[in-house]
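The next block holds one structure in the form of structure tokens; read it before the comments.
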Amino acid sequence: MNVSRIVGTALVAAVFLLPPGSMAQPSIGDGPASAHIASGIEAYRAENFPQALRDFETAAAAEPDNAEAHFLLARVLFDTPLRDEGRAGDSIKRARELDPENLRYMVAELQQLRTDTWNFFQEIQRTSKRLSLARMILERDPDNGFAHEEFGTYYIRDYWYYRNAIAFPTLGLQSRGLSEPDNPDTELALDRLSAGFEPGSDSDVPGQITTDPSDIFADIPDFVDFGDANALGITDRFDIETIRSQGTNILSLRGRADRVYERAVFHLETAIANDPRRRSVYDHLMRVYALAENWDEALQIATQMLVYFPEDEAMWRYLGLANHRLGRDDAASTSFRKALEIMDSDTRDVFQDISLLLPEEEMAAYQDEPEQVASRYWTSRDPRYLTPYNERKLEHYARLTYADLMYQSDELDYRGWETRRGKIHVRYGVPRSDVIVTGGFQQIVEAFATRPTGIERQGFDRAAFERAPEEMDANRFNIWDYGDFRFVFEDPFANGEFRLYSPPADLFAVVGGGAVDRMDYEIIARNTFRETPERYDYSPPGRQIGLPYLVTSFKGSGGNTDLYVHYGIPVADFFDPKTEDVVDVTVRTGAFLISQDRDVLVERRRTLYGLRSSQIESFEDTQLWTDTQAMQAPPGVHEISVEFETVGGGTSAVQRREITVPDFSGSDLALSSLMLAYHVEDTDASSIPGQIIRDGLAIKPAPWSVFHHEQPIYLFFEIYNLGQTGDRTDYEVEAQLRPKDTSTGISRIARSIFGGGERGVSTQYPVQGGRRDDAQYVILDAAGQDPGLYTLTLKITDRLSGRSVEETTDLYLE
């Protein structure tokens with residue numbers, strides 16, 4: 001990325017027609033060019049640019065020594081659709097020669113020097129000219145925003161390069177035969193190597209730009225002979241941690257980065273303080289704050305931007321990014337939603353496109369039905385249905401915004417999300433480790449042990465390297481490590497345009513494709529995209545707790561099934577439900593049913609202002625406030641999600657699992673789920689807090705399968721499709737609670753032959769009724785049973801048809 005480029009024709013108003021008091025006003029004079037200049041200015045104001053060009057050309061020809069005529073000609077050739085950078089450069093150069101102290105001319109030349117260049121060395125020359133001009137401007141106008149912006153963007157580039165940069169000076173010199181401690185060329189080589197880094201400022205006083213190699217390699221460690229670089233495992237894996245663990249001296253350049261960060265912020269904040277409507281400076285400040293992960297400052301500058309640019313969609317994205325990184329997802333959601341409303345259609349298409357995130361096998365369906373597939377995708381990736389926004393989607397918007405800030409390519413005219421690094425960031429987010437390796441590392445990477453002596457990488461000029469190693473070793477490597485995979489980028493032209501690293505073609509011929517493929521990150525990236533299209537690891541806010549819950553199923557209406565989701569919210573041990581009526585806390589709860597097609601079938605949300613003590617059940621190690629959410633669902637395999645959070649985000653829980661919703665619409669004898677309960681009784685009430693009213697019974701369900709061994713166990717169930725004689729039914733209920741059999745198969749057979757294991761309780765009784773679908777409950781007295789894991793079995797035998805059905809569930813007696 002060429003961060004020094006500043007685009008924006010808004011500068012025209014600042015240097016062509018300046019407001020009173022800001023700088024020296026245009027001097028038209030009364031010479032032969034004056035009438036043409038006046039006419040040209042009027043034509044320019046009317047946006048008649050061809051006429052303005054003719055007038056200024058005539059003025060310059062009529063009065064060749066009129067600096068203003070050349071200046072205005074330069075502006076119309078640079079700031080309008082008639083743009084001709086070559087002629088504009090000649091015109092502003094002539095104006096500066098005629099009036100070298102004119103601030104307006106200095107600023108205009110500074111702007112023209114910010115255009116793209118074709119190569120690295122030309123950019124170095126232009127950078128030097130821009131800094132020199134900025135220094136001259138600030139000597140004459142210390143508050144000049146253009147000059148402060150120039151220094152700020154320069155220091156951003158420096159900070160970008162060195163904030164996470166490291167070097168291996170001993171390995172780099174060893175590859176050149178210079179790493180011996182007694183070699184007299186060692187110190188010189190280090191100086192030459194460090195001179196290849198961009199010059200930095202040793203002062204906050206603009207203009208004191210010096211090259212100080214000791215600033216970079218100020219404390220070079222003692223040299224150690226590490227032998228063949230391949231033995232370190234670095235030539236094909238780029239594994240920085242492995243290199244570090246094997247004792248290699250790693251030189252961090254972070255100290256330089258910290259210093260230039262302060263300078264960048266100083267200059268940019270000064271620029272914006274003197275001209276808060278300087279739009280481009282906000283982008284630069286957001287970039288440097290995001291690089292440093294100073295999100296509080298980023299939020300502050302985006303908020304200031306809101307005052308002056310309330311309809312700027314980028315500003316709303318900046319607000320969304322900063323709020324998201326600070327964990328303020330409510331505000332982030334609002335900001336991104338506003339950005340989507342006002343952004344242009346092309347940008348909106350980028351934000352709505354999910355093709356980067358999908359596996360290959362889903363791309364055809366996405367192309368056929370993009371809206372439907374996208375909706376299902378976002379549902380499937382939503383980590384918390386309870387919130388009114390989708391955290392995964394917010395992360396996607398934040399990644400796109402961050403990528404656009406960080407990885408835009410001015411030379412290629414790419415938005416950040418269109419570049420290689422930008423696309424990978426959108427897929428996988430911030431890597432665990434992000435390191436830039438500089439200082440001759442390419443010589444180490446490509447120095448294969450099997451490579452014949454004397455064979456250099458393709459295009460390598462040994463003689464040129466000996467003359468100027470800093471120019472030949474300009475390549476930097478940016479290594480993004482995600483743990484189980486990594487990406488390596490290179491910057492071969494030292495212009496910030498990083499691309500995925502691929503070894504030079506001659507290495508394939510010399511050592512064979514198999515050895516080089518392990519280093520070819522174009523191939524590695526394609527394979528990674530195929531195997532892992534995207535990654536998102538969600539970290540919920542606040543303290544995470546377990547949320548016990550059970551799901552029971554019963555016959556519903558219209559072919560649907562009645563589901564009950566029973567859950568328990570942990571309550572602090574110090575709360576005494578016998579002496580206090582309400583737990584003073586506000587919570588949000590929710591239960592959500594998601595189909596296999598990733599559609600939300602049912603959602604149940606509640607906000608509770610206090611938890612009733614009557615719904616609290618006490619256990620040995622905890623207390624649970626219990627409740628149930630009821631819903632109807634079609635039969636099939638679905639996902640259930642039970643969620644909870646305290647208002648304010650201090651505590652939260654998300655529990656999900658796949659469930660199979662049974663189909664009770666058939667004609668065979670069937671048994672519902674076994675609903676474990678702490679109490680069941682007859683009732684005429686239509687509703688009771690914390691209880692289910694079903695078939696004239698008030699049931700207080702258990703959210704987990706835990707009971708005290710002296711506590712009665714209630715079991716509610718329903719039987720469907722009983723046989724009838726006339727209008728009468730006749731069936732038998734048998735319930736058994738036995739210690740769970742954890743023995744092996746042989747032990748189990750022996751026990752069945754010789755007996756044993758008679759602990760437990762059971763009950764058996766006949767029922768005569770008049771309904772084909774009936775409801776019953778059983779009470780099991782577990783008093784006297786040892787604590788431990790038990791299996792509860794319920795068997796129903798229809799005495800009229802001879803058919804039977806049974807269900808089992810495990811429970812724990814404490």
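The values are calculated or read from the model by the stated rules, or taken from the named source; none is laboratory data. Here the structure is a predicted model, which means the values were calculated and not measured. Virtual Cβ from ideal backbone geometry, glycine too; neighbours counted across all protein chains shown. Heavy atoms of the whole protein, side chains included, go into the accessibility calculation; ligands, DNA and RNA do not. Shrake-Rupley method; radii C 1.70, N 1.55, O 1.52, S 1.80 Å.
Looking at Gln304 and the list (1) in contact with a strand residue (DSSP E or B) (Cβ under 8 Å, 6 or more places away or on another chain); (2) open to solvent by 30 Å² or more (accessible area, probe 1.4 Å), which single condition is not satisfied?
Among (1) in contact with a strand residue (DSSP E or B) (Cβ under 8 Å, 6 or more places away or on another chain); (2) open to solvent by 30 Å² or more (accessible area, probe 1.4 Å), Gln304 violates only (1).
Taking interchain pairs and intrachain pairs at least six residues apart, which have beta carbon atoms under 8 angstrom, with the first residue in segment 490-502 and free of Cβ contacts under 8 Å to residues at least 24 places away in the same chain and under 15 Å from Asp410 (Cβ atoms) and the second of a type outside the set (S, T, N, Q) and open to solvent by less than 10 Å² (accessible area, probe 1.4 Å)?
Asp491/Phe477
Keeping to segment 531-556, report how many residues are of a type in the set (Phe, Trp, Tyr), part of a strand (DSSP E or B) and surrounded by fewer than 19 Cβ atoms within 10 Å (Cβ to Cβ).
Here is the first cut: in segment 531-556, the residues of a type in the set (Phe, Trp, Tyr) are 536, 538, 549, 554.
In the following step, the residues that additionally are part of a strand (DSSP E or B) were identified as 549, 554.
Now drop any that are not surrounded by fewer than 19 Cβ atoms within 10 Å (Cβ to Cβ), which leaves none.
The total comes to 0.
If you scan segment 75-107, which residues turn out to be among the polar types (S, T, N, Q) and under 43 Å from the mean Cα position of the chain (by Cα)?
Of everything in segment 75-107, just one residue is among the polar types (S, T, N, Q) and under 43 Å from the mean Cα position of the chain (by Cα), namely Thr80.
For every residue, the table says whether it meets (1) farther than 20 Å from Val265 by Cα; (2) open to solvent by 50 Å² or more (accessible area, probe 1.4 Å); (3) at pLDDT 90 or above.
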residue: Glu85; (1), (2), (3): yes, yes, yes
residue: Ser91; (1), (2), (3): yes, no, yes
residue: Arg94; (1), (2), (3): yes, yes, yes
residue: Pro100; (1), (2), (3): yes, yes, yes
residue: Phe121; (1), (2), (3): yes, yes, no
residue: Leu131; (1), (2), (3): no, no, yes
residue: Arg135; (1), (2), (3): no, yes, yes
residue: Phe146; (1), (2), (3): no, no, yes
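When segment 586-601 is examined, which residues are found to be polar (S, T, N, Q) and either open to solvent by less than 50 Å² (accessible area, probe 1.4 Å) or not in a loop (DSSP other than H, G, I, E, B) (or both)? Can you show your working first?
First, pick out the residues of segment 586-601 that are polar (S, T, N, Q): 586, 589, 595-596.
Of everything in segment 586-601, those that are polar (S, T, N, Q) and either open to solvent by less than 50 Å² (accessible area, probe 1.4 Å) or not in a loop (DSSP other than H, G, I, E, B) (or both) turn out to be Thr586, Thr589, Ser595.
Would you be able to say whether some residue in segment 345-353 is within 18 Å of Leu400 (Cβ to Cβ), touching a residue at least 60 places away in the same chain (Cβ under 8 Å) and polar (S, T, N, Q)?
The answer is no; no qualifying residue exists.
Hey, does segment 561-584 have a residue that's within 29 Å of the chain's Cα centre (by Cα), at pLDDT below 95 and more than 23 Å from Val706 (Cβ to Cβ)? Steps first, please.
Of all residues in segment 561-584, those within 29 Å of the chain's Cα centre (by Cα) come to none.
No, segment 561-584 has no match at all.
With the condition kept exactly as written, say whether any residue in segment 708-715 is in contact with a Leu (Cβ under 7 Å, 6 or more places away or on another chain), within 12 Å of Asp773 (Cβ to Cβ), at pLDDT 95 or above and not acidic (Asp, Glu).
Scanning segment 708-715, I find no residue that is in contact with a Leu (Cβ under 7 Å, 6 or more places away or on another chain), within 12 Å of Asp773 (Cβ to Cβ), at pLDDT 95 or above and not acidic (Asp, Glu), so the answer is no.
Return the total of residues in segment 343-370 being in a helix (DSSP H, G or I) and either within 30 Å of Pro541 (Cα to Cα) or touching a Gly at 6+ places or on another chain (Cβ under 9 Å) (or both).
The qualifying residues number 7.
Within segment 396-434, track down each residue that is charged (D, E, K, R), in contact (Cβ under 8 Å) with a residue 60 or more places away in the chain and under 18 Å from Tyr501 (Cα atoms).
Arg420, Arg421, Lys423, Asp434
Residue by residue through segment 494-513, note down the ones that are open to solvent by 60 Å² or more (accessible area, probe 1.4 Å) and either among the β-branched types (Val, Ile, Thr) or modelled with pLDDT under 75 (or both).
Correct list: Ala505, Phe508, Ala509.
Condition first: modelled with pLDDT of 95 or more, open to solvent by 10 Å² or more (accessible area, probe 1.4 Å), touching a His at 6+ places or on another chain (Cβ under 8 Å) and closer than 29 Å to Gln615 by Cβ. Can you find one or more residues in segment 718-740 that meet it?
There is no residue in segment 718-740 that is modelled with pLDDT of 95 or more, open to solvent by 10 Å² or more (accessible area, probe 1.4 Å), touching a His at 6+ places or on another chain (Cβ under 8 Å) and closer than 29 Å to Gln615 by Cβ.
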